[in-house]
Structures are given as structure tokens and as C-alpha cells.
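What follows is a set of notes on a single structure, which appears directly below.
The values are calculated or read from the model by the stated rules, or taken from the named source; none is laboratory data. Treat the numbers as computed from the prediction; the structure is a model and nothing was measured. Counting neighbours? That spans all protein chains shown, and the Cβs are built from the backbone with ideal geometry, glycine included. These area figures cover heavy atoms from the full protein model, side chains too; ligands, DNA and RNA do not enter into them. Shrake-Rupley method; radii C 1.70, N 1.55, O 1.52, S 1.80 Å.
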Amino acid sequence: MSLDVPAAILERAEAGEVDDADFAEVVRTSLPYAWEVVSRVAGELESGSEEYADNLVAPPDEVARGQLLRAMASDAIRGGLERHFKVKLAFQNCHRVAAFPLSAVGGETYSRFIGTRAQLLNQSPELRNC
């Protein structure tokens, strides 16, 4: 199970839509490592001068890796993170999460980062089991 959903939130979801703030809180508490990584790269993007900010540090353990993979693999979770942090996320390998400004989507740097060439160049034997 990816998310630990409190009963009150589950009841609201059963009755209708849940707002983004409530969903973000569920993600934050359920997947704290993934939240920390996305929060950090979004903050680095906002405070820096680079075209994007990315995480190059491997997760400390398999639990953390699983959280990050679940967050990036779910359209709803990834989309919720993107809306909360107001960034576009891109993902390579087992831990390389990048935050781009929304205006970068479709641009050269973003397209290069999400392209097949970049994916192939960011492979290594250590990443094959992730």
C-alpha cells in the first residue's frame, strides 16, 4: 500500500473529491522520504539560478527507495506533488528526481533530461536492480 489514508480523508473521498491540501498531507505523512526529496529539489530550484534542480543522492535504504518509486510511479501522487510545489517533476533511474519550472516543459533542457539518450547515459551497473 502506497498511502496511509486517515479514516476522515477516506470518508471524504468516498463522498466526493478531496482537496489538494488534504491529499498533500497524506502523501507527506505516508511517504516522508519522497516528500523530503521533492521538497528539497523544489526549494533548490526556487532559490537557485540553474534551469533545474535534481537529486543525485541514493536513498539510504530500500524502504526509502520504495517510497520514492511509489511517488514517482503514481500519476496522482506525482501530480499532487507537482501542484503542491508548483514544479514539473522528472525522474530517472532509482533516485534522480528533478524539479523544473512549469515554464520549462517542452523546452530544450527539459526535453533533453526526459529523453531516451539521457536515460541511457544515466545507467550504471549499480542501478540495475532498482
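Got a sec to turn the phi values of segment 55-71 into Karplus ³J(HN,Hα) couplings, 6.51 cos²θ - 1.76 cosθ + 1.60 with θ = phi - 60°, whole Hz, x for Gly and Pro?
My calculation for segment 55-71 gives 9, 10, 9, 5, x, x, 7, 5, 5, 5, 4, x, 4, 5, 5, 5, 5 Hz in order.
If you filter segment 49-108 for chymotrypsin sites (Phe, Trp or Tyr not before Pro), then keep DSSP loop positions with at most 14 other Cβ within 10 Å, what is left?
none
Can you give me the % of accessible surface on the chain that is carbon or sulfur? Probe 1.4 Å, all protein chains present, nothing else counted.
Using a 1.4 Å probe with all protein chains present, the chain comes out at 53 percent carbon and sulfur.
Tell me, what ³J(HN,Hα) does each residue in segment 87-98 have, in order and in whole Hz, if you take phi through Karplus 6.51 cos²θ - 1.76 cosθ + 1.60 with θ = phi - 60° and put x for Gly and Pro?
9, 9, 9, 10, 9, 9, 6, 9, 8, 7, 9, 10
Skip the ligands, DNA and RNA, and give the accessible area per residue of segment 43-130 with a 1.4 Å probe, whole Å².
Roughly 60 Å² per residue, with all protein chains present.
Applying the Karplus parametrisation 6.51 cos²θ - 1.76 cosθ + 1.60 with θ = phi - 60° to the phi angles of segment 7-12, what ³J(HN,Hα) value in whole Hz is obtained for each residue in order, glycine and proline being reported as x?
The phi angles translate into 4, 4, 5, 4, 4, 5 Hz.
Give the dimensionless ratio obtained when the Cα radius of gyration of the chain is divided by 2.2 N^0.38 Å.
1.10
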